[in-house]
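Comments concern the structure below.
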Amino acid sequence: MRSRSVSGVVLSGTVNIPAPSARQVADWQRDVSQRLGLEAGDVESLSLARARVRWPDYKHCVQAASDWTRALGLQDVLASSDVALMACRGARYHNDGAQYGGAAFCNLFLSEDRGLDVHFPVIGQRIPLTRGTVMVFDTGQPHAVIPRHSVSYDAADFPSELDCTQVFLTWELPIENAHVAQALGIAFDTDPPTALRLGEEQVWVNGAPATVCPQSGRLSSVNQSLHDPADDRSHQ
């Protein structure tokens, strides 16, 4: 178990990828509604193996993401990283450090512009989601998918009759990869005594396990201290 800092760096850009076919989009929509029963705020996985059978442009999407990350100095890390196909109808504010503390996410969005952004409230950054939007960020950094002109998450912004589903590919980049750590400015072994006492991955703030408000993204510790980014610690 190692301690590390939580990066405040989000790398983002736009790559040129083919639009999914109408047949592929219909398959995803059917999967989202019938199998997943996706509701507002949910983020769930789709079957990548099944999608690839009818998705000849998958390899072009992977190549575009690989070329982009390589240009950032991440070498060939994408090729050896686990990849999944995901869908969301917006997303509540959360971080993924408790489950993926040893990774950074690389997300490539496949859907058209639905007027949504990925919002990172602690660092004050928001990224418009369009087809080809790509980003790399620390799993411990709180984030949400919300309407472009909103400053909070509200389930009412994602009514069932509104087409607001975003489909994206996500790769788990190992945070201890030297190129990933350098690109995100990760510092390791920031709090070894605390890390030695933990039995599972956690994100800490102000000396205690952190909680994220799902509506505002406010990050606080169990003692309700206000967030200070300099105090972020992720133990993995």
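Quick notes on this structure:
- When only Cα pairs below 8 angstrom with a gap of at least 6 residues are kept, the chain shows a relative contact order of 30 percent.
- Placing a pseudo-label 7 Å from each Cα along the Cα-to-Cβ vector at Leu198 and Gln75 gives an inter-label distance of 2.6 nm.
- Helical runs (DSSP H, four residues minimum) scored at -39500 (n - 2.57) apiece and divided by the length of the chain put the mean residue ellipticity at 222 nm at -5000 deg cm²/dmol.
- Each residue in Thr170, Thr130 was given a count of other beta-carbon atoms within 10 angstrom of its own, and listing them fewest first yields Thr130, Thr170.
- Couplings for the range 90-97, taken from phi via the Karplus curve 6.51 cos²θ - 1.76 cosθ + 1.60 with θ = phi - 60°, read x, 7, 5, 5, 6, 10, 10, x Hz in order; Gly and Pro are left as x.
- Dipole magnitude for the chain: about 400 debye, using +1 per Lys or Arg Cβ and -1 per Asp or Glu Cβ, origin at the Cα centre.
- Relative exposure of Asp138, Asp82, judged by other C-beta atoms within 10 Å (fewest first): Asp82, Asp138
- Gyration tensor over alpha-carbon atoms, the chain, equivalent ellipsoid semi-axes in Å: 30, 22, 15
- When the alpha carbon coordinates of the range 120-169 are projected onto the principal axes, the ranges are 33, 24, 18 Å, largest first.
Here, each number is a calculation from the coordinates, and none is a lab measurement. Just so it is clear, the structure is predicted and the values come from calculations on it, not from any experiment. Don't worry about glycine lacking a Cβ; one is built from the backbone with ideal geometry, like all the others, and counts go over all protein chains shown.
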